[in-house]
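Below: the structure, in structure tokens.
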Amino acid sequence: MSDFHTPGAQPPGSVPPKKKMSGCVLAILIVVGLFILFTILGAIGALSGVGGTSGNVAAPAATGTAAADATAGAANDGSSWTYTTDKDEVRNATNSFASITSDNKVDFDFPYNGGSSLQMTVRHDHRGDNVYFTISKGQFVCGIESCSGEMNVDGATRRLSLSTSSDGSYDTLFANGEAGIIKALKTGKKIIVELPFYQSGNQQFTFTTAKGLTWPPAKADQAAK
């Protein structure tokens, strides 16, 4: 057998030499690779932004109930007398209530922090008329029998003689001399009440209403309809 072989042919058992990649093809591959990389990174960034906002991105504006509550607080909406009744089944009688919530809130220490409002209520039941104050979160401080506060109705100040609730609740105080207070509330448009609180001293709450208290209960019932 001859040792000669066809020019250009590889000897038996030899490995063909690798072809070198041209510079143009290499550049195209790099561009394509970078495009794919940036596409993947962009998709990851979009997914990470779905869960919420970060940095200087503005949060969505409040909607629904939250927005309504914010608007109501700014305008002091709801600061007017609200009239309700319930039935005393034992005595076959109707109990009447008129209540108003303070415009402002007071911040107490833990565990009552977060803002507390005061509700003033006028009640008529089989015992007669009562005026009492209820704090949404907090604790009044009062002596064994009584304590005192202040009330200003349209610029006229009166001293309040107060007593605790018969059930021992620390979030409610009853005012004595209710007849005089109710008379003042019938024409009062701006009422400021100062009451004593546990470890917080005297705190003031303001009530504003376009119309004074409608009382006695029969007239209040008609106003509520």
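The values are calculated or read from the model by the stated rules, or taken from the named source; none is laboratory data. Keep in mind that this is a model prediction, so the values were computed, not measured. Please note: Cβ atoms are built from the backbone with ideal geometry, for glycine as well, and neighbour counts cover all protein chains shown.
Observations
- Restricting the stretch 162-179 to residues that are surrounded by 13 or more Cβ atoms within 10 Å (Cβ to Cβ) and over 32 Å from the mean Cα position of the chain (by Cα) leaves a set whose member that is farthest from A98 (Cα to Cα) is N176.
- Qualifying residues in the stretch 120-155 (those that are closer than 30 Å to A93 by Cβ and under 17 Å from the mean Cα position of the chain (by Cα)) - the one surrounded by the fewest Cβ atoms within 10 Å (Cβ to Cβ): S136
- Test: residue in the stretch 178-190 that is more than 21 Å from H124 (Cα to Cα), β-branched (V, I, T) and touching a strand residue (DSSP E or B) at 6+ places or on another chain (Cβ under 7 Å): no
- Residue match in the stretch 200-210 (condition: over 28 Å from the mean Cα position of the chain (by Cα) and modelled with pLDDT of 95 or more): no
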